[in-house]
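The values are calculated or read from the model by the stated rules, or taken from the named source; none is laboratory data. This one's a predicted model, so the numbers in the text were calculated from it and none came from an experiment. In this analysis, Cβ positions are derived from the backbone assuming ideal geometry, glycine residues included, and neighbour counts consider all displayed protein chains.
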Amino acid sequence: MDGRGNGTVTQPRLYQLIHQPGPVAERTFEIVFLDPGVQAYAFTFG
């Protein structure tokens, strides 16, 4: 992932999409996939 939050999906697997430095706080975020065929189907927090 680059400094602007852009990354590349290279294989079918789980990717960490959110990196939150500092204390955990409630956030609102949007995930946008620029290429067809990419889907977000699982989130893990912990």
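The number of residues in region 12-39 being under 9 Å from the mean Cα position of the chain (by Cα) and either among the polar types (S, T, N, Q) or surrounded by 10 or more Cβ atoms within 10 Å (Cβ to Cβ) (or both) comes to 5.
Return yes or no: is residue 46 out of contact with any strand residue (DSSP E or B) (no Cβ under 9 Å at 6 or more places or on another chain), surrounded by 10 or more Cβ atoms within 10 Å (Cβ to Cβ) and modelled with pLDDT under 75?
In short, no.
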